[in-house]
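The values are calculated or read from the model by the stated rules, or taken from the named source; none is laboratory data. Just so it is clear, the structure is predicted and the values come from calculations on it, not from any experiment. Virtual Cβ from ideal backbone geometry, glycine too; neighbours counted across all protein chains shown.
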Amino acid sequence: YGLTYDYVNTADLEATAAKIRPETKMIFIETPSNPMMLVSDIRAIAELAHKNGALLTVDNTFLSPHFQKPLTLGADIVVHSATKYLCGHNDIIAGVIAIANADSDYGKDLELYIKSEGPNLTPIDSWLLLRSIKTLGIRVERQAQSAMKVAEWLRTQPTVTDVYYVGLPDHPGHALHESQATGFGSMISFKTESPEHAVRVLGRLKLIAFAESLGGVESLLTYPIAQTHAEMPKELLARTGLDDRLLRLSVGIEDAGDLIADLDQALNG
Ligand SMILES: *Cc1c(COP(=O)(O)O)cnc(C)c1O
């Protein structure tokens, strides 16, 4: 489509402003970011985009609409991988585009595209998704409660060197996150002492599944460097701190004590 783009750490507002060019049409952010959990200021970036005649799009997959509503904070477009929390059971692939203004040019373009190109869900997937959304609130509240317990436990572990969870009060984005969301979600990243140890943990899991994806009722542990982020250029990986010691945990609805016991035997057994 002839699109060009720059990558920038949008948790750094000045760096983001510096990347804007006269032809910039859109700023696309994700907060907290996958998998390093950087927090970007939705209100401030919306203002920055609009001042420069651009749109702000937010990927809100990690929090779901239950915890964060970017359209109310000034975003123009919100996208969700509905495969994740909205579906919640790891059994369909779906997506959502929510827009602030249906009468805008981009709103009309999207409507035409959806009507004529056919990127629609099948009836069974639509039914499963609608049924899942009925329990979204209680699922994600429970998942977030357990995630806080797991994150607090992880940081006491001698073989864990770093824990990235926006719910921890000393996370650098904690206060900003609290100002724009009503919950911390249930995505936690952490680093173990060595790449060998990280791989060993993945091999020892019993309750938690070693798998890609996130947001479902079952907890999943992912190895970003080999799975979700395997295609990411090396220099970007280095800049973000995503390395071969990093694991990403999606906390499900299981008993938090059972999850901690599984992590304990995998990390320390
Ligand atoms: C999984 C994911 C996507 C891609 O969604 P699919 O439903 O797998 O196509 C986009 N953004 C985020 C944050 C995701 O986690």
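See the values below:
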| item | result |
| --- | --- |
| Qualifying residue in segment 95-105 (condition: within 14 Å of the ligand (Cβ to nearest atom), of a type outside the set (Phe, Trp, Tyr) and surrounded by 19 or more Cβ atoms within 10 Å (Cβ to Cβ)) | no |
| Residue check for residue 137: part of a loop (DSSP other than H, G, I, E, B), among the small types (Gly, Ala, Ser) and either touching a residue at least 12 places away in the same chain (Cβ under 8 Å) or on the phi > 0 side of the Ramachandran plot (or both) | no |
| Any chance residue 40 is within 16 Å of the ligand (Cβ to nearest atom), on the phi < 0 side of the Ramachandran plot and among the hydroxyl-bearing types (Ser, Thr, Tyr) | yes |
| Filter result for residue 115 (outside the structural domain of residue 144 (by TED's automatic domain parsing) and either under 30 Å from residue 18 (Cα atoms) or within 11 Å of the ligand (Cβ to nearest atom) (or both)) | no |
| Strands (runs of 3 or more DSSP E) contained entirely in segment 1-89, each with at least 1 residues that are surrounded by fewer than 15 Cβ atoms within 10 Å (Cβ to Cβ), modelled with pLDDT under 95 and in contact with a Leu (Cβ under 7 Å, 6 or more places away or on another chain) | none |
| Unmet criterion (only one of (1) of a type in the set (Phe, Trp, Tyr); (2) buried (at least 16 other Cβ atoms within 10 Å of the Cβ); (3) assigned by TED's automatic domain parsing to the domain that holds residue 81) for residue 164 | (3) |
| Segments classed as helices (runs of 4 or more DSSP H), wholly inside segment 160-269, with at least 3 members that are within 16 Å of the ligand (Cβ to nearest atom) and not hydrophobic (A, V, I, L, M, F, W, C) | none |
